[in-house]
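Take a look at the structure below.
The values are calculated or read from the model by the stated rules, or taken from the named source; none is laboratory data. Please read these numbers as outputs of a predicted model, since none were measured by experiment. Heads up, the Cβs are rebuilt from the backbone with ideal geometry, glycines too, and the neighbour counts pull from every protein chain shown.
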Amino acid sequence: MEDVPNDGEAIRASQSRPEAFEPVFDRHYDSIFKYLARRVGPDVGGELASEVFTVAFAQRHRFHEDAEDARPWLYGIAANLVRRQARTWKRSRRAGQRSAGGNVIWLDPAPEDRIDAQRLRQVLIDAIS
């Protein structure tokens, strides 16, 4: 049976053999996707999860040489992408309000709002019934 390298070994090897990065993707894509989907929804979460690994691959030379586990690094990239996405949504909302003279109601897709909406779901179902 072939030994599978830890994340650090795979990332270091990918410097000269890009295909060596594959085990990092295989090991961590699902958990990164789930993390992102909980924060921005499954559609945007899927896009951002792919972007996490694109960024990680492009910046693999920055991975700490002695580290064996890439999860903290990958979650850091994911968190940065979520913050960037939130800023994009806010800018878009403000631009829409300016162009419509402030007469548009925008639904803010921020994670906190989705959590509040999920809490109110049963209340709304009961009220509609």
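Is it true that some residue in the range 107-117 is at pLDDT 70 or above, of a type in the set (Lys, Arg) and not in a loop (DSSP other than H, G, I, E, B)?
No.
Could you tell me which numbered condition Arg38 fails, if it satisfies all but one of (1) more than 11 Å from the chain's Cα centre (by Cα); (2) over 18 Å from Ser14 (Cα atoms); (3) touching a residue at least 60 places away in the same chain (Cβ under 8 Å)?
(1)
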